[in-house]
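Comments concern the structure below.
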Amino acid sequence: METISNHYRSPSEQLDEQQTSRLIGMGWQIPTGDSDNSCIEDDPDGSPNIFVEEPAPVNCKKLAEICTATLINILRVTHPVQLEYESFDSDGNEIALPELMLKRQAKQAEHEETLRNLLLSALVEITGLQDLEFNEDGIIRGISYGSISTYISFSGSSPQYVRLLGVLKTNIKPTQKLLKWLNRINTDTENLQLFHSEGALLARSETFATPFMRLNIQHAVQSFCEKADEINAFFRIEFSEYAADISKSPSQFKH
């Protein structure tokens, strides 16, 4: 039994030392190598993933408890509706397991296209902007709300999240005063992170993409834009030298 190791995780999904320690405490073993040196031929008893070896006869109850604890405490699964399964025999033929009472995993390309269409439809409904589309990089660009521009995309495998990135201000220097202000705002703000990157003041947030819950995602987008716009108003007060450069458009969506 395996769960994905950092060898196959994107930078934003890497397990930290605390999570790895918790997995080991649950009974998992750390990878014995990477995908090049922990293959079946060279390392038949190891794995490039985090894994559990259970001798025969298999203690199914023990494995089920480890899986459940991992899903809840490490992978942040809050409800079985977030789970999908894929099963097949040695010839690649799909096997249905209705007793799991879980959705079967759609083919990746079909799944991603379905999610894109659902997200676009939800965003058109909440913003009233009929010309929204994904660009060649998979990003919905330039949705404006008040003083910010928001870029929306998917992130993670499957994909797992809808990522919101708001541009509050460009051409700004990372002074000590700014960094202290960012730390203070981040400490007091939930579900949104401010940071400075390449001369820009940015806001970032993520919400679950699967299962796709239209109202939840619409609420997340609306809340993100309102909160980022409000924070930008605080920024204008704290850093008056930039106030004249920040748009003071009405707090409504536009493209």
With the requirement that a residue be outside any loop (DSSP other than H, G, I, E, B), within 26 Å of the chain's Cα centre (by Cα) and free of Cβ contacts under 8 Å to residues at least 40 places away in the same chain, what does region 71-98 give you?
Leu71, Ile72, Pro80, Tyr85
Taking region 176-200, which residues are modelled with pLDDT of 90 or more, in contact with a helix residue (DSSP H, G or I) (Cβ under 9 Å, 6 or more places away or on another chain) and among the β-branched types (Val, Ile, Thr)?
Ile185
Can you tell me which residues in region 164-191 are under 13 Å from the mean Cα position of the chain (by Cα) and open to solvent by less than 90 Å² (accessible area, probe 1.4 Å)?
Leu164, Leu165
When residues of region 59-93 are filtered for being open to solvent by 80 Å² or more (accessible area, probe 1.4 Å) and modelled with pLDDT of 90 or more, how many remain?
5
If you scan region 147-159, which residues turn out to be surrounded by fewer than 18 Cβ atoms within 10 Å (Cβ to Cβ) and within 9 Å of the chain's Cα centre (by Cα)?
Ser155, Gly156, Ser157
Scan region 128-141 for residues that are open to solvent by less than 20 Å² (accessible area, probe 1.4 Å) and over 18 Å from the mean Cα position of the chain (by Cα) and jot them down.
Leu132
First in region 223-248 and of a type in the set (Lys, Arg), second anywhere and at pLDDT 65 or above, Cβ under 6 Å, 6 or more apart
Lys227/Leu192
Out of everything in region 206-255 that is in a loop (DSSP other than H, G, I, E, B) and among the aromatic types (Phe, Trp, Tyr), what residue ends up being modelled with the lowest pLDDT?
Phe239
Restricting attention to region 11-48, report how many residues are open to solvent by less than 70 Å² (accessible area, probe 1.4 Å) and either at pLDDT below 80 or basic (Lys, Arg) (or both).
5
When you scan region 208-233, how many residues do you find that are surrounded by 18 or more Cβ atoms within 10 Å (Cβ to Cβ) and among the hydroxyl-bearing types (Ser, Thr, Tyr)?
1
Only one of these is hydroxyl-bearing (Ser, Thr, Tyr) and either in contact with a His (Cβ under 7 Å, 6 or more places away or on another chain) or part of a loop (DSSP other than H, G, I, E, B) (or both): Thr68, Thr32, Thr20. Name it.
Thr32
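The values are calculated or read from the model by the stated rules, or taken from the named source; none is laboratory data. Model, not experiment: these values are computed from the prediction. Because the Cβ atoms are built from the backbone with ideal geometry, glycine has one as well, and the counts that use them run over all protein chains shown. With ligands, DNA and RNA removed, areas are computed over all heavy atoms of the protein, side chains included. Shrake-Rupley method; radii C 1.70, N 1.55, O 1.52, S 1.80 Å.
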